[in-house]
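As structure tokens, the structure follows; a few thoughts come after it.
Every number in this text was worked out from the coordinates using simple rules, so none of it is lab data. Bear in mind the structure is a predicted one, so any value in this text is a computation, not a measurement. Reconstructed Cβ throughout: ideal geometry from the backbone, glycine too, with neighbour counts over all protein chains shown.
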Amino acid sequence: MAEVFRARYGVNSRVAFRLARGWSQGQAASEWSLRWPAEPRTFKNFSYWELWPGPTGHAPSLDVLARLAELYQCSVADLLADCPDYRRLDSAQASQRSLAALPAGAGTGFAASSPLLPGAPDQGTSEALEKLAVWLEVMDADEIATSVALWMQQLGSDIGRRDLLLKLSAGLSLAAADPALNTASGDSLFASPRSRPAFDLSGIWDSRYAYFSDSRDQRLEGRHYLVFRQDGYRVRGQSLPHSADSLLRLNLSVEGSVATGTWTERTSPAGYYQGATYHGTLQLLLDPSGRRMAGKWIGFGKDFLVNSGEWELTWAQAATSKTAQRGYHYQA
């Protein structure tokens with residue numbers, strides 16, 4: 001009721017709670033004096049407290065606020081609800097509000113539109129996704145990062161939260177390269193017609209990337225034979241079994257002679273990195289023959305520092321049959 005008085009008549013919280021009781025300032029003073037006869041108050045005292053923070057008012061002390069709260073049966077904070085609130089300046093508070101504003105059901109939308117669960121999202125899901133897009137659009141990158149970190153902290157400790165975020169980051173990077181997002185409606189300031197890939201990259205490729213091991217103080221090389229399968233602009237690659245027992249996956253989006261995408265490697269359980277999984281991005285240039293790609297990779301090390309290095313892929317053969325693949329099994 002006090003909130004209604006405050007909103008409808010523009011009075012402050014201390015006036016609103018008195019009016020909600022149906023008391024005049026004199027009646028409120030009488031009620032005070034009945035409760036605390038050793039410290040009686042008059043209507044003038046209530047007038048001063050209610051005029052604050054105006055120039056003719058007097059600021060009530062914490063003791064006075066506590067007794068007013070007891071008199072009106074509310075909290076001290078209720079009596080100060082109209083006072084300035086600077087919590088918006090606190091980054092943690094802002095992140096909590098952003099997290100609370102995340103549209104409910106947005107996760108359902110992602111699941112409904114997943115290739116694993118075919119079918120178009122229903123109307124409720126579409127609305128949730130649209131709200132999610134608006135939520136993301138009005139936030140800057142730092143606010144999104146802080147909000148997502150708070151969300152991840154609420155997950156169970158048995159979940160690999162950093163690995164999950166890195167996987168999500170890799171997936172979003174690949175989604176950003178999807179040609180379906182490059183529409184004529186101007187989704188991006190940099191939207192332009194996409195040139196078709198000059199070559200069919202399907203086949204078996206010899207992959208080599210360089211990296212520096214701080215703990216071993218060495219420059220090392222990772223080598224895999226990958227099976228590439230191309231579908232339009234998208235190229236997916238997966239390593240064949242070999243002696244290092246490491247599984248490498250590439251997801252590339254090709255535009256003309258440029259291939260951009262993500263990589264994921266699960267290292268050998270028996271190797272130096274003991275089965276750790278790493279994620280990152282890469283960009284490669286395809287040579288005019290269509291038989292070699294070279295460029296750079298970026299990824300996180302085990303201390304979550306950003307590392308980079310050269311990456312080169314050389315075409316081995318076009319056939320991808322099981323017979324053809326067996327010729328490259330266990331080659332390192």
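In this simple spin-label approximation, Leu34 and Tyr273 carry label points 7 Å from Cα along the Cα→Cβ vector, and these lie 7.7 nm apart.
A Förster distance of 56 Å, applied to the separation of the beta-carbon atoms of Cys83 and Arg161, puts the FRET efficiency at 0.90.
Subtracting the Cα-Cα distance of Lys322 and Asp90 from 0.36 nm times their residue separation leaves 77.6 nm of extension gain.
If each residue's Cβ is checked for other Cβ atoms within 10 Å, how do Asp63, Asp163 rank with the fewest at the top?
In increasing order of surrounding Cβ atoms, one gets Asp63, Asp163.
Here the peptides 38-45, 311-318 are ranked by packing, the mean other Cβ count within 10 Å, and the order with the highest first is 311-318, 38-45. Restricting segment 12-70 to GluC sites (Glu not before Pro) that sit in a DSSP loop and have at most 14 other Cβ atoms within 10 Å of their own Cβ leaves nothing.
Taking Rh as the Kirkwood radius computed over C-alpha pairs, what is the Stokes-Einstein D of segment 203-326 at 25 °C in a medium of viscosity 0.890 mPa s, expressed in µm² per second? Value of D from the Cα-based Kirkwood radius: 164 µm²/s. The length gained on full extension between Leu172 and Asp287, counted as 0.36 nm times the residue separation minus their Cα-Cα distance, comes to 38.7 nm. In this label model, Leu150 and Lys296 are separated by 3.5 nm, measuring between points 7 Å along each Cα→Cβ vector. Counting beta carbons within 10 Å around each of Met293, Met1 and listing the fewest first gives the order Met1, Met293.
Here the dipole of segment 203-326 is about 400 debye; that uses its Cα centre as origin and unit charges on the Cβ of Lys and Arg (positive) and Asp and Glu (negative).
Label-to-label distance for Glu221 and Val76 is 7.1 nm, based on points extended 7 Å past Cα in the beta-carbon direction.
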